[in-house]
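Working notes, structure below.
The values are calculated or read from the model by the stated rules, or taken from the named source; none is laboratory data. Since the structure is predicted, the reported quantities are computational estimates derived from the model, not experimental observations. Glycine gets a Cβ as well: all are built from the backbone with ideal geometry, and neighbour counts include every protein chain shown.
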Amino acid sequence: MSERGTTSWYGPLDPAPDAGWTEAPPRKGFFTDTSICIGCKACEVACKEWNAVPEDGLLMLGSSYDNTGALGASTWRHVAFIEQPKALGPQEAGFAGTAAGPPGSDVLNRTADSALTGDRTALGTDSSRLEVGPAGLGAVDLGMPSMTLPGSVDGAQRTDFRWLMASDVCKHCTHAGCLDVCPTGALFRTEFGTVVVQDDICNGCGYCVPACPFGVIDRRAGEKGVTKNAGIAQKCTLCYDRLGDGLQPACAKACPTTSIQFGDLDELRERAEKRVEQMHAQGIPSARLYGEDPCDGVGGVGAFFLLLDEPEVYGLPPDPVVTTRDLPAMWKKAALAAATMLAGAVAVFVGGGS
Amino acid sequence: MNDRPAGALDEGPATPGAAEAVGTSDPGPAATAVVGSGGGRRRKGGRGRGERGEQPMVPPAEFTSYYGRPVVKAAPWEHDIPAYLFLGGVAAGSSLLSAGADLTGRPALRRTGRFGALVGLALSMIALVRDLGRPERFHHMLRVAKPTSPMSVGTWMLTLYGPLAALAAAGELRPFLPPRLRDGRLGRVLGGGARPAGLTAAVVAPAIASYTAVLLSNTAAPTWHAAHRHLPFVFVGSASAASGGLGMMATPVSEAGPARRLALGGAVLELAVEHRMEAAMGITAEPLHAGHAGMLMRASKALTAAGVVGTALVGSRSRAGALASGAALLAGSACLRFGVFEAGQASARDPKYTVVPQRERLERGGPTRSA
């Protein structure tokens with residue numbers, strides 16, 4: 001098991017053999033290609049269903065179509081949803097500079113008509129043209145309730161925009177802070193190179209929670225005996241049970257666009273490199289991989305991503321480093337401080353006086 | 001500990017830092033929050049006490065976040081943990097004082113130290129077990145020994161230290177036993193074992209006082225981690241000041257000289273290194289000045305400084321002066337532990353303290369690489 005062998009604290013390595021597994025299978029992981037994520041949240045649902053993760057609130061967050069918010073003890077997949085006033089590469093939404101209006105309003109119907117018929121000059125404030133109206137497609141008012149106060153944004157200008165969607169998950173780091181700090185051995189390295197909590201060992205000390213540089217793992221709230229695994233640290237297991245039976249994790253299985261790809265990490269990295277090259281060739285220079293580098297601050301992750309913007313836009317740290325890297329230096333300082341205290345204590349007695 | 005709201009959904013309201021980040025900026029998608037001297041943190045934190053004179057520690061920084069949400073998670077720890085930081089420090093310093101008193105013939109100081117260590121340790125244990133999500137599984141800590149886990153290292157140090165400190169304290173009970181027991185085997189064990197136990201405990205004690213700094217620093221909480229070069233010295237200083245203060249309070253003035261000197265040395269070390277620590281931390285020092293944590297840190301500095309002055313001026317002259325100075329030092333130490341604890345938690349809840357230092361690092365030297 002993970003307690004066996006001497007594990008290295010930092011730098012590139014293959015984690016399963018490093019943890020003492022002999023004849024470990026190739027390291028498994030996820031490549032999440034966010035450029036083809038459609039934000040359907042099937043991964044969130046599949047994960048909850050397969051792993052029997054309890055409900056964790058049904059609130060509206062009011063920030064975007066993401067009402068999950070963040071990864072947590074009862075959220076092992078989280079689909080981020082970001083709306084930005086930017087164009088996605090050469091793609092044009094075709095609405096930049098056009099008039100804005102509430103859904104179902106005349107001004108918006110005319111805008112949509114004009115965009116569809118290509119009659120760009122009919123848009124905006126040219127009221128004489130608007131009175132005439134665009135020929136062809138007439139948008140029909142279905143009498144649907146509008147999302148905003150009628151007329152509240154009339155006259156405003158629409159901007160270019162894009163939607164970014166990304167399914168976040170535990171990174172299964174090569175150097176996992178959570179696993180390093182776990183004082184019970186409840187967190188362990190599996191033969192697949194993943195990091196999993198043993199529910200019957202964890203005593204809920206909570207140390208793994210602040211140790212994770214990605215803010216993934218959390219202690220599950222709730223009453224013992226009422227909520228499953230209450231008081232215990234919980235996170236994605238990369239469906240350890242399914243992997244053992246030769247199946248792929250539930251989220252990857254449920255993903256309708258293959259945004260979540262499961263496989264051998266080496267193969268996934270090759271595939272991802274090709275995908276980035278392809279996207280750059282298509283005129284999307286912002287496409288970049290996140291977490292695939294085995295020499296990064298966490299030794300590379302098992303679940304890496306293709307992103308279309310800076311990591312922090314998705315709520316990811318731009319340059320994560322496992323805290324264990326600095327631990328040898330910390331132990332040295334602590335030893336020096338302890339020696340200082342001991343010397344001070346000797347001095348106050350030897351120093352004479354009353 | 002279990003009243004923390006469930007799951008991710010409730011993190012918004014529970015994270016004031018994140019709310020502020022949104023509040024100071026365009027709340028639009030992936031808002032770019034502009035922070036600095038005009039930021040909401042200062043406005044909100046400003047209750048008219050010393051806030052306005054403060055200069056921003058770094059130039060205004062721009063950063064992006066996912067709707068102002070935290071990147072890293074705050075520890076699910078309640079006040080049991082800072083209480084333990086304080087009590088463990090008192091216990092460790094008290095063990096040192098009692099061992100020295102034992103060797104130099106100061107029975108009253110020895111007794112104070114041994115009881116102080118035992119009480120501090122016992123309360124520490126209660127706090128540590130209470131804070132677990134599953135307290136009934138506390139003994140799972142003894143399954144493994146891991147140098148990568150400061151909590152595991154601390155567990156084993158306490159396992160070694162606890163019985164020693166308890167045996168040393170038990171020796172003090174010998175005179176109170178009925179004559180038959182006092183002169184029997186139990187009495188002999190207590191009498192003979194107290195000194196070696198107390199001396200061994202004193203050798204382990206400084207490590208108990210300093211490792212708790214590593215416990216906090218070995219995390220991704222920005223303020224705790226950025227403090228890692230200085231925090232062990234701040235904590236041993238704080239432990240010395242607190243245990244010296246306790247020694248002064250519970251020991252006659254004539255015997256309390258070493259306690260006064262330990263308190264003075266510890267308090268000066270704590271104040272000096274804490275000052276240097278803040279200067280070295282850049283933007284991550286901000287949570288040490290803001291909100292509740294800032295109030296605790298200011299209280300800590302004032303109490304510790306008052307304790308130093310009191311100890312130096314009246315600590316050796318009057319019992320009342322020793323009591324007041326000792327109490328100020330103990331309170332100052334407690335405020336420091338709670339202040340550092342809360343500052344770290346606040347730094348985790350505000351994405352600014354995770355994103356900005358990492359961005360600065362990237363701009364200075366590119367991504368962190370191990371090879």
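Points worth noting:
Table: residues versus (1) of a type in the set (Phe, Trp, Tyr); (2) more than 10 Å from chain B (Cβ to nearest Cβ); (3) part of a helix (DSSP H, G or I); (4) in contact (Cβ under 8 Å) with a residue 24 or more places away in the chain.
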position	(1), (2), (3), (4)
A:196	no, yes, no, yes
A:202	no, no, no, yes
A:215	no, no, no, yes
A:222	no, no, no, yes
A:253	no, yes, yes, yes
A:256	no, yes, no, yes
A:266	no, yes, yes, yes
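- Residue count for segment B:95-149, restricted to those that are within 22 Å of the chain's Cα centre (by Cα) and on the phi > 0 side of the Ramachandran plot: 0
- Residue B:268 of a type in the set (A, V, I, L, M) and surrounded by fewer than 20 Cβ atoms within 10 Å (Cβ to Cβ): yes
- Candidates are the residues of segment B:146-175 that are farther than 27 Å from residue A:324 by Cβ and hydrophobic (A, V, I, L, M, F, W, C); the one that is surrounded by the most Cβ atoms within 10 Å (Cβ to Cβ) is B:165.
- Residue check, residue A:109 at pLDDT 70 or above and surrounded by 15 or more Cβ atoms within 10 Å (Cβ to Cβ): no
- Entirely in segment B:98-212, the helices (runs of 4 or more DSSP H) that have 1 or more residues that are within 14 Å of another protein chain (Cβ to nearest Cβ) and either of a type outside the set (A, V, I, L, M, F, W, C) or under 27 Å from residue B:229 (Cα atoms) (or both): B:107-130, B:150-171
- Condition met for residue A:328 (modelled with pLDDT of 95 or more, within 7 Å of another protein chain (Cβ to nearest Cβ) and within 44 Å of the chain's Cα centre (by Cα)): no
- Residue check, residue B:296 under 28 Å from residue B:252 (Cβ atoms), among the hydrophobic types (A, V, I, L, M, F, W, C) and within 16 Å of the chain's Cα centre (by Cα): no
Listed here are the residues, each with its yes/no results for (1) touching a strand residue (DSSP E or B) at 6+ places or on another chain (Cβ under 6 Å); (2) outside any loop (DSSP other than H, G, I, E, B); (3) under 14 Å from residue A:172 (Cα atoms); (4) assigned by TED's automatic domain parsing to the domain that holds residue A:65.
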position: A:271; (1), (2), (3), (4): no, yes, no, yes
position: A:278; (1), (2), (3), (4): no, yes, no, yes
position: A:317; (1), (2), (3), (4): no, no, no, yes
position: A:331; (1), (2), (3), (4): no, yes, no, no
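- Residue check, residue A:188 touching a helix residue (DSSP H, G or I) at 6+ places or on another chain (Cβ under 8 Å) and more than 7 Å from chain B (Cβ to nearest Cβ): yes
- Selected residue (criterion: nearest to the chain's Cα centre (by Cα)) from residues of segment A:216-231 that are aliphatic (A, V, I, L, M) and surrounded by 24 or more Cβ atoms within 10 Å (Cβ to Cβ): A:216
- Residues within segment B:133-145 that are touching a helix residue (DSSP H, G or I) at 6+ places or on another chain (Cβ under 6 Å) and surrounded by 22 or more Cβ atoms within 10 Å (Cβ to Cβ), tallied: 1
- Which listed residue is crowded, with 22+ Cβ neighbours inside 10 Å and of a type in the set (Ser, Thr, Tyr), from A:314, A:240: A:314
- Hey, residue A:303 buried (at least 19 other Cβ atoms within 10 Å of the Cβ), at pLDDT 95 or above and over 21 Å from residue A:175 (Cα atoms) or not: no
- Single residue of segment B:331-371 satisfying the filter (buried (at least 24 other Cβ atoms within 10 Å of the Cβ) and more than 14 Å from chain A (Cβ to nearest Cβ)) that is nearest to residue B:305 (Cα to Cα): B:332
- Among the residues of segment B:90-114, those identified as in contact with a helix residue (DSSP H, G or I) (Cβ under 6 Å, 6 or more places away or on another chain) and either under 24 Å from residue A:204 (Cα atoms) or not small (Gly, Ala, Ser) (or both) are B:90, B:96, B:97, B:102, B:104, B:106, B:109, B:110, B:112, B:114.
- If only residues of segment A:16-42 that are in a strand (DSSP E or B) and over 22 Å from residue A:245 (Cβ atoms) are counted, the one that is nearest to the chain's Cα centre (by Cα) is A:32.
- Here residue B:75 qualifies as assigned to a loop (DSSP other than H, G, I, E, B), at the interface with chain A (Cβ under 8 Å from one of its Cβ atoms), under 21 Å from residue A:184 (Cα atoms) and not aromatic (Phe, Trp, Tyr).
- Complete set of residues in segment B:215-258 that are surrounded by fewer than 24 Cβ atoms within 10 Å (Cβ to Cβ) and among the β-branched types (Val, Ile, Thr): B:253
- Checklist (1) touching a strand residue (DSSP E or B) at 6+ places or on another chain (Cβ under 8 Å); (2) modelled with pLDDT of 95 or more applied to residue A:69, failing item: (2)
- Meets criteria (more than 30 Å from residue A:36 (Cα to Cα), at pLDDT 95 or above, buried (at least 19 other Cβ atoms within 10 Å of the Cβ) and at the interface with chain B (Cβ under 7 Å from one of its Cβ atoms)) for residue A:344: yes
Here's the yes/no breakdown for (1) buried (at least 22 other Cβ atoms within 10 Å of the Cβ); (2) of a type in the set (A, V, I, L, M, F, W, C):
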| position | (1), (2) |
| --- | --- |
| A:12 | no, no |
| A:15 | yes, no |
| A:20 | no, no |
| A:29 | yes, no |
| A:60 | no, yes |
| A:69 | yes, no |
| A:72 | yes, no |
| A:75 | yes, no |
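- Residues satisfying the stated conditions in segment A:42-89, i.e. within 7 Å of another protein chain (Cβ to nearest Cβ), under 20 Å from residue B:64 (Cα atoms) and without any contact (Cβ under 8 Å) to a residue 40 or more places away in the chain: A:61, A:63, A:64, A:68, A:69
- One residue stands out among those in segment B:282-324 that are farther than 26 Å from residue B:243 by Cβ and in contact with a Ser or Thr (Cβ under 7 Å, 6 or more places away or on another chain): the one that is surrounded by the fewest Cβ atoms within 10 Å (Cβ to Cβ), which is B:284.
- Of all the residues in segment B:218-229, those that are facing chain A (nearest Cβ under 7 Å) and either among the acidic types (Asp, Glu) or in contact with a Ser or Thr (Cβ under 8 Å, 6 or more places away or on another chain) (or both) number 6.
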